[in-house]
Each structure stands twice: as structure tokens, then as C-alpha cells.
Amino acid sequence: MKVILLADVKGQGKKDDIIDVSVGYANNYLIKNKLAVAYTAGSKKVLDEQIKVRQDNEDALVASLNEIKAKLENKTIKFQVKTGAQDKVFGKISTKQISDELQKMGYKIDKKNILLDHEIDVLGNHEVKIKLHKKVEFNININLVK
């Protein structure tokens, strides 16, 4: 019996996959637990429409994130920091501080989307990667001055 999976099923497939399983397994487990629906022309049509809507939403999201990327890419954010002897910085700049500064500029970017490959704890310029989506990544510059 062919079914369309409504959720990921371990050992069987991912959501939206069309798989062939035994009638008993389909009726007594997959369909009963709302993990799948029987494959028919109608259910296939509904699945295709849902996939198209999801893809359209994904494309719209990526387009809006690309606008943010175009505005922020290669921008420099300045942080005034306190230093000690030999210009040693007290503390370090965190992703939270970068996120807060971007928020002040009018961009709501979660600190989890800011990727630091090294600690920002010395004076000068530092490049920081921001990953808004798996298809949208860019770099901004962080400048520490005393």
C-alpha cells in the first residue's frame, strides 16, 4: 500500500515522502497515529499544493533576508572598550552585544545567528559571520577602539 508520510518516521522516510508499506502497517500504525495518509490522486494533489506553498514562503523569506544582507554586508560596527596596560582589552565582545548593537540600528538579528570563529578581545578590526538562513550568510566588521 502506498502512503504519504505526514511526519518523519524512523526507518521509513521523511515528511512528504511517498512510500510503499504493508497494508497492516499502514492502517494499524501509520494512519492510526496520523503519521501518514493513504496515497490517492486527491492526497497527491494536496501534497503538491502544500509543497508549492512551502517553497513560495521559503523563497519570500530568503528574498527578505537577502535585503537585510545587502544593507548590512561589510558594514562596520564600532565598540568603545576600556583597556589596561599595553592596550589589553577588559573583557570581550559577545554575540549578545553585537545583536544589541544591530537592534539599535534597526535590525532584529538573534545572537544565535552570529557566528564567532575567534574571541573579540583585542583592539582593531574583526570579521564576524552572520547566518540568517542556510542560503543567506554574510560578514560584518567589528571595530574595537579605546
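Treating the angle as unsigned and between 0 and 90°, give the value, to the nearest 10°, between the Cα long axis of helix 95-104 and the longest Cα principal axis of the chain.
Compared with the principal axis, the helix lies near 90 degrees.
What is the set of long-range amide H partners of Y39 at a cut-off below 5 Å, with H atoms built 1.01 Å from backbone N?
K2, V3, I4
Which whole-number percentage describes the relative contact order of the chain, with Cα contacts under 8 Å and a sequence gap of 6 or more?
This gives 20 percent for the chain.
At 222 nm, what helix-only mean residue ellipticity would the chain give, in deg cm²/dmol to the nearest 500, using -39500 (n - 2.57) for each DSSP H run of four or more?
-10000 deg cm²/dmol
Given Cα pairs under 8 Å that are at least 6 residues apart, what percent is the relative contact order of the range 2-65?
Reported as a whole number, the value is 30 percent.
In the range 31-104, which GluC sites (Glu not before Pro) fall in coil by DSSP and have 15 or fewer other Cβ atoms within 10 Å?
Here the GluC sites (Glu not before Pro) that fit, given the DSSP loop and packing criteria, are E73.
Starting from the coordinates of the alpha-carbon atoms of the range 67-145, obtain the Kirkwood hydrodynamic radius over all distinct pairs and give the value in Å to one decimal.
13.0
Run through the DSSP bridge list for the range 1-141 and note the antiparallel percent, rounded to the nearest 5.
If I count the DSSP bridges inside the range 1-141, around 95 percent turn out antiparallel.
Tell me the angle of helix 41-72 to the major Cα principal axis of the chain, expressed in degrees between 0 and 90 and rounded to the nearest ten.
With both axes taken from Cα atoms, the answer is about 10 degrees.
Tell me, Kirkwood radius of the range 2-65 from alpha-carbon pair distances, in Å?
That comes to 12.7 Å for the range 2-65.
Starting at 0 and stepping by 5 Å, how many percent of the alpha carbon pairs of the range 7-112 end up in each bin?
P(r) over the range 7-112, rounded to whole percents: 2, 9, 12, 12, 9, 8, 8, 8, 8, 8, 6, 4, 3, 2, 1, 0.
Using the Karplus equation 6.51 cos²θ - 1.76 cosθ + 1.60 (θ = phi - 60°), what ³J(HN,Hα) coupling, rounded to whole Hz, does each residue of the range 12-26 give in order, writing x for Gly and Pro?
10, x, 9, 3, 6, 6, 9, 10, 10, 9, 5, 4, x, 4, 5
Under a straight-distance cross-link criterion of Cα-Cα below 17 Å, which aspartates and glutamates are reachable from K129, leaving out those fewer than 8 residues away in the same chain?
Answer for K129, where 17 Å is the Cα cut-off: E67, E73, D100, E101, D110, D117, E119, D121, E137, listed by chain and number.
Since every read-out is calculated from the coordinates, none of them should be taken as a lab result. Not measured: the values here are computed from a predicted model. With ideal geometry, Cβ positions are generated from the backbone for all residues, glycine too; neighbour counts draw on all protein chains shown.
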